[in-house]
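Structure record follows, encoded as structure tokens.
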Amino acid sequence: MISARNLSSAIWIHTILIITMGLLALYSASFNNNVVSSSVFYDQLSCALLGLLLMYLLSRGDYRKFFDVAYIVYGVSVFFLLLVLVMGRQALGATRWFSVAGFSFQPSEFSKLAVIFFLGRYFSQRRPRMTFDSSSSLSDIWGDLIWPLILIGLSMALIFKQPDLGTAILVMGIFLIMLYCSGISMKIFGGLLALFVCLIPLAWHVLKPYQKDRLLVFLNPSHDPLGAGYTITQSKIAVGSGELLGKGWLSGTQNQLNFLPERHTDFIFSVIGEEWGFLGGIFLVYCYGVLIYCGFKIARHNKDPFGQLVAVGIVSILAMQVVINIGMVMGLLPVVGITLPLISYGRTSFMIFALLLGFLLNLSKKRTIF
């Protein structure tokens, strides 16, 4: 059990442990390799140093300043999402990045932070009615549910257009969790979930062919074994071959012999599972679990509605990405292109999570209730 006084220390220690495991895995993925450049390790190392500095600086400020600019940040994120569709750089069949002076920026990653702050301010200022009854007006329903859903739906649609199905799902997940924690009626919340479930079959018709193939591979692992099913097959072989203690650092055969595609990004957990085994994977999950536990404890003890909701949003996005990434690497969930926080290679993703954890550290401090 972690006491309230030790929350900051626990976040720092386990964040550094996660980053260290990620750097070791990236070094291994790019070791004496012509497929994955060694520059990914040094890029991530630079991001780690800068990210830890930003965490420290953000932890010492006044988090209420983010309340004042939450709507502006969300507007900027929507602008970037529109702009990337017009003038973004295309790679691997998707248009998700800007390139400025040799550095790439991914607006969909920034939108996660923007959505959390936007919903934190919106729901803290206008707490949804506990029930919608005969006394509820149309403006209540519009303001409590429909309007924020439209705004978040705009971000989702722009992200899905890139296409980036995984991040679009995460944005909807953030909305649902923060809506639930804001105090909305369980009947209304349950009805909204039922509506989304009913719409799932219709979503099939708007998916790209490769996205449909990934879902078919999940339902039938033998479908397209040399195409869409190849990566997940190699991933499961890598994780399974690590057994209890792993093959040792720099000694994973699926990794070193280039059988495992995308091992420095979405499938980095396969490298960890192969080289560090079941115990290494469990230790990484434990570290994430500590961060999530600390985040929920901070949310519970913070008396400011904005701080509560933002803390919930931060730990929710962290938990969802960890569960989805590890689940898809092990073949338990469809492959949707979700990175493993602070582990997978990616400058924008890394820096966004560093900022979110810095904000969480800020929330962990005792403050005057207002």
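The values are calculated or read from the model by the stated rules, or taken from the named source; none is laboratory data. As the structure is a prediction and not an experimental result, all values here were calculated from the model. Because the Cβ atoms are built from the backbone with ideal geometry, glycine has one as well, and the counts that use them run over all protein chains shown. Just so you know, the surface numbers come from the protein's heavy atoms only, side chains and all, with ligands and any DNA or RNA stripped out. Shrake-Rupley method; radii C 1.70, N 1.55, O 1.52, S 1.80 Å.
So how many residues does region 34-54 have that are buried (at least 17 other Cβ atoms within 10 Å of the Cβ) and outside any helix (DSSP H, G or I)?
The total comes to 1.
Residue-wise test of (1) in contact with a strand residue (DSSP E or B) (Cβ under 8 Å, 6 or more places away or on another chain); (2) outside any helix (DSSP H, G or I); (3) touching a residue at least 12 places away in the same chain (Cβ under 8 Å); (4) hydroxyl-bearing (Ser, Thr, Tyr).
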{"position": "Phe306", "(1), (2), (3), (4)": "no, no, yes, no"}
{"position": "Val312", "(1), (2), (3), (4)": "no, no, yes, no"}
{"position": "Leu318", "(1), (2), (3), (4)": "no, no, yes, no"}
{"position": "Asn325", "(1), (2), (3), (4)": "no, no, yes, no"}
{"position": "Leu340", "(1), (2), (3), (4)": "no, yes, yes, no"}
{"position": "Ser344", "(1), (2), (3), (4)": "no, yes, yes, yes"}
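Taking Tyr293 as the residue in question, decide whether it is under 27 Å from Gly120 (Cα atoms), of a type in the set (Ser, Thr, Tyr) and open to solvent by 10 Å² or more (accessible area, probe 1.4 Å).
yes
Are any of the residues in region 202-209 surrounded by fewer than 19 Cβ atoms within 10 Å (Cβ to Cβ) and touching a Pro at 6+ places or on another chain (Cβ under 6 Å)?
yes
List the helices (runs of 4 or more DSSP H) that sit entirely inside region 165-223 and contain at least 2 residues that are within 29 Å of Phe123 (Cβ to Cβ) and touching a residue at least 12 places away in the same chain (Cβ under 8 Å).
165-181, 186-203
Hey, can you tell me all the residues within region 252-284 that are in a helix (DSSP H, G or I) and out of contact with any Leu (no Cβ under 9 Å at 6 or more places or on another chain)?
Hits for region 252-284 are Thr253, Asn255, Gly273, Gly281, Ile282.
Within region 80-97, is there a residue that is assigned to a helix (DSSP H, G or I), open to solvent by less than 30 Å² (accessible area, probe 1.4 Å) and either of a type in the set (A, V, I, L, M, F, W, C) or out of contact with any Lys or Arg (no Cβ under 9 Å at 6 or more places or on another chain) (or both)?
Yes, region 80-97 has at least one match.
For residues in region 172-224 being among the β-branched types (Val, Ile, Thr) and more than 19 Å from Ile324 (Cα to Cα), which is farthest from the chain's Cα centre (by Cα)?
Among those residues, the one meeting the criterion is Ile188.
Quick check on region 233-251. Is at least one of its residues part of a helix (DSSP H, G or I) and of a type in the set (Phe, Trp, Tyr)?
Looking for residues that are part of a helix (DSSP H, G or I) and of a type in the set (Phe, Trp, Tyr), one finds none in region 233-251, hence no.
In the list Gly191, Gly173, Gly153, which residue meets the criterion of being open to solvent by 20 Å² or more (accessible area, probe 1.4 Å), at pLDDT 90 or above and on the phi < 0 side of the Ramachandran plot?
Of the residues listed, the single one that is open to solvent by 20 Å² or more (accessible area, probe 1.4 Å), at pLDDT 90 or above and on the phi < 0 side of the Ramachandran plot is Gly153.
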